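Shown next, in structure tokens, is the structure this report addresses.
The values are calculated or read from the model by the stated rules, or taken from the named source; none is laboratory data. No experiment lies behind these values; they were computed from the predicted model shown. As a convention, Cβ positions derive from the backbone with ideal geometry for all residues, glycine included, and neighbour counts pool all protein chains shown.
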Amino acid sequence: MSRVVFTKRHEPPRLPDGRYDIYFSYWSWKILKTCPYQYRLLVLEHLRPAIVEKGNAIQGGVPDKMVEDFFAKPVDVRKQLTLQWFYDHFEEYWTQFQTDPRGKITWMTPAEEQVHVAALAAEKPIPQQLRRKFNRTLKKKETYDHISNLLDMLASRNLIELRMETQHTFKAKIEETSQYVLTLGGRIDLLFEVAEGVVDIWDLKGVKREDYNDDDQLGVYKMGILAGGRKVRHCGFLNMKQKHFDDHKIDDAFLRELRLRMIDVFMSTIARGNYTARFDQRTCEYCDVNGSCNTYLENRETTFDVKQLLGKNKILL
Ligand code: SF4
């Protein structure tokens with residue numbers, strides 16, 4: 001990926017009556033509040049990352065898609081199939097997610113996986129040419145464990161029989177003043193209807209640490225549902241790794257404060273055309289477009305030199 005040369009100025013979005021037309025999904029909000037320059041690259045310039053590690057996408061995508069397909073079936077069918085359906089179809093979904101449009105398995109073939117499994121069982125070293133792919137075998141096992149935990153969780157609350165919308169999409173006007181209109185949109189993993197017009201919102205997560213989850217995501221979802229005229233009983237993260245329904249209190253005060261932050265950040269960045277890079281070592285290492293960011297490239301080089309001098313990279317080398 002090469003450094004980016006900007007050719008056009010991005011005017012702040014406005015409605016015909018001159019008010020700011022502010023739109024956020026949780027994705028775009030998270031990017032803007034983390035680093036305005038990343039927002040410019042990804043959201044405004046539509047820069048595509050050169051190489052994205054597919055592992056996280058597969059690990060999140062397989063449970064998402066399985067839940068979506070299972071809960072799209074009528075309740076009677078679900079009851080008949082039981083949660084065993086997930087175990088029976090796991091391989092099929094895993095293969096589907098790592099197969100390209102020409103039908104070629106691109107990420108890790110069953111034969112490669114077998115070599116890993118056999119080497120592990122025999123406590124032998126992984127063959128040199130397959131070492132880089134070993135992590136993928138671990139990811140598969142982790143995904144399987146996540147699904148197994150998820151099923152226990154669904155069973156523990158009898159959720160299998162509830163009416164459920166998966167990947168519920170919304171786009172709703174949340175607030176308007178003489179200066180702006182704020183609209184939020186997004187897609188919610190799991191929306192259980194617990195009573196007429198009352199829902200529980202759960203976002204499926206497979207994160208290592210529960211505190212990586214961000215309440216703003218729940219705030220965006222809750223505002224979207226409330227704007228559509230329904231009430232929200234619970235909202236939280238369904239943490240598959242920890243096997244934990246992590247219910248968060250997202251009250252009116254939190255939502256008000258979130259809206260204020262959104263407006264403030266919009267006014268100090270997008271409204272002014274100010275997309276300053278915000279370097280943070282950890283965040284930048286995981287940034288999809290760091291290869292096109294001068295701030296990252298300059299700071300990374302410095303950090304790398306210091307680490308070298310201090311000998312902190314020894315384990316990696
Ligand atoms: S690498 Fe860091 S500073 Fe650069 S765009 Fe990404 S988050 Fe922002």
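It is to be established whether one or more residues within the range 155-167 are under 18 Å from the mean Cα position of the chain (by Cα) and over 22 Å from residue 108 (Cβ atoms).
Taking every residue of the range 155-167 in turn, at least one turns out to be under 18 Å from the mean Cα position of the chain (by Cα) and over 22 Å from residue 108 (Cβ atoms).
From the residues in the range 20-50 that are over 17 Å from the mean Cα position of the chain (by Cα) and under 15 Å from residue 261 (Cβ atoms), which one is farthest from the ligand (Cβ to nearest atom)?
22
Residue 272: over 22 Å from the mean Cα position of the chain (by Cα) and among the basic types (Lys, Arg), yes or no?
Considered against the rule, which asks whether it is over 22 Å from the mean Cα position of the chain (by Cα) and among the basic types (Lys, Arg), residue 272 comes out as yes.
Go through the range 277-294 and count every residue that is over 17 Å from residue 49 (Cβ atoms) and either in contact with a Phe, Trp or Tyr (Cβ under 8 Å, 6 or more places away or on another chain) or crowded, with 19+ Cβ neighbours inside 10 Å (or both).
2
Which residue out of 94, 85, 107 is farther than 30 Å from residue 160 by Cβ and surrounded by 13 or more Cβ atoms within 10 Å (Cβ to Cβ)?
None of the others qualify; the one that does is 107.
Would you pick out the residues in the range 251-271 that are outside any helix (DSSP H, G or I) and touching a Phe, Trp or Tyr at 6+ places or on another chain (Cβ under 9 Å)?
269
Exactly one of these conditions fails for residue 67: (1) under 30 Å from residue 240 (Cβ atoms); (2) touching a Ser or Thr at 6+ places or on another chain (Cβ under 9 Å); (3) not in a helix (DSSP H, G or I). Give me its number.
(3)
So, of the residues in the range 243-276 that are farther than 20 Å from residue 216 by Cα and crowded, with 17+ Cβ neighbours inside 10 Å, which turns out to be farthest from the ligand (Cβ to nearest atom)?
Among residues in the range 243-276 that are farther than 20 Å from residue 216 by Cα and crowded, with 17+ Cβ neighbours inside 10 Å, the one farthest from the ligand (Cβ to nearest atom) is 271.
For the range 188-236, enumerate the residues that are outside any strand (DSSP E or B), in contact with a strand residue (DSSP E or B) (Cβ under 7 Å, 6 or more places away or on another chain) and either acidic (Asp, Glu) or surrounded by fewer than 14 Cβ atoms within 10 Å (Cβ to Cβ) (or both).
Scanning the range 188-236 gives 197, 210, 228.
Among the listed residues 159, 150, identify the single one that is closer than 17 Å to residue 91 by Cα and touching a residue at least 24 places away in the same chain (Cβ under 8 Å).
Going through 159, 150 in turn, the sole match is 150.
Is there any pair linking a residue in the range 75-103 that is at pLDDT below 90 to one that is among the acidic types (Asp, Glu), with Cβ under 6 Å and at least six apart or on different chains, and which?
Close Cβ pairs (under 6 Å, with a partner that is among the acidic types (Asp, Glu)) amount to 75/161.
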